[in-house]
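What follows is a short report on a single structure.
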Amino acid sequence: MIRVLIADDQAMVRTGFGMIIGAQSDMEVVGEAADGVQAVELARRLRPDVVLLDIRMPRLDGLEALRLLAGPGVADPIRVVVVTTFDLDEYVHTALSNGACGFLLKDSGPALLVEAVRAAVSGDALISPSITVRLLEHLSSPAPARDDGGLSPRELDVVKLVARGLTNAEIATQLFIAVGTVKTHLASVQMKLKARNRVEIAAWAWERRLVG
């Protein structure tokens with residue numbers, strides 16, 4: 001079972017997300033938090049597979065809670081998917097920097113919420129072309145000349161497709177390679193870029209104008 005913690009200050013949102021997660025045969029809600037402090041405490045105590053985390057919450061905002069659970073320097077980070085009504089660029093940038101495995105808008109619908117949870121668990125973090133990728137485009141600053149991060153041409157091909165929101169299977173199909181080969185390339189990319197997940201890989205690509 002995929003164990004999910006829901007953190008949102010609105011009871012109706014928590015109930016709605018709980019119904020969506022509970023309807024999946026392989027998922028269960030193990031806890032609910034109404035503020036950031038409670039979210040961090042429950043996440044550390046329950047160690048869920050995924051935390052669905054709102055940004056604007058009392059006592060401790062979601063971005064700071066995210067940093068405490070998955071940010072740089074956290075020895076055993078917890079997978080966190082940010083789910084919010086606010087798609088401001090600075091929120092996305094901070095969320096990615098603090099280790100988010102995905103960034104989802106609350107009105108995205110049940111299917112995408114479930115997909116985000118599954119993606120986080122599999123390490124295939126959700127980057128929705130209609131949400132995260134659109135926002136990542138606006139994060140880019142002028143890129144250093146010829147900055148390829150030391151990646152091979154094939155690794156760059158994979159990175160560009162990751163930044164467009166493709167899954168490993170879709171990348172394999174497009175590049176005519178095996179899914180296992182895609183995973184091997186991504187492991188090498190993560191090591192070279194010191195990226196913890198494919199969301200950070202995508203952010204790196206957009207910031208360097210490799211996609212557009």
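The values are calculated or read from the model by the stated rules, or taken from the named source; none is laboratory data. It should be emphasised that the depicted structure is a prediction, and the values quoted were computed from it without experimental measurement. Using ideal geometry, Cβ is built from the backbone for each residue, glycine included, and neighbour counts are taken over all protein chains shown. Calculation scope for accessible area: heavy atoms of the full protein, side chains included, ligands and nucleic acids excluded. Shrake-Rupley method; radii C 1.70, N 1.55, O 1.52, S 1.80 Å.
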Just wondering, is there one or more residues in the stretch 65-87 that are acidic (Asp, Glu) and at pLDDT 85 or above? yes
Taking the stretch 94-126 and keeping residues more than 12 Å from Val82 (Cβ to Cβ) and either under 9 Å from the mean Cα position of the chain (by Cα) or outside any helix (DSSP H, G or I) (or both) leaves Gly109, Ala119, Gly123, Asp124
Can you confirm whether Thr84 is under 19 Å from Ala111 (Cβ atoms), of a type in the set (Ser, Thr, Tyr) and either open to solvent by 40 Å² or more (accessible area, probe 1.4 Å) or touching a His at 6+ places or on another chain (Cβ under 9 Å) (or both)? no
Need pairs with beta-carbon distance below 9 Å; first residue more than 22 Å from Arg56 (Cα to Cα) and within the stretch 17-35, second buried (at least 19 other Cβ atoms within 10 Å of the Cβ) and at pLDDT below 95; sequence gap 6+ or separate chains. Gln24/Val117; Met27/Val117
Looking only at residues that are out of contact with any helix residue (DSSP H, G or I) (no Cβ under 9 Å at 6 or more places or on another chain) and hydrophobic (A, V, I, L, M, F, W, C) in the stretch 1-16, which one is least open to solvent (accessible area, probe 1.4 Å)? Ala11
Residues being under 19 Å from the mean Cα position of the chain (by Cα), buried (at least 16 other Cβ atoms within 10 Å of the Cβ) and either of a type in the set (Ser, Thr, Tyr) or under 17 Å from Leu69 (Cβ atoms) (or both) - total across the stretch 17-54: 11
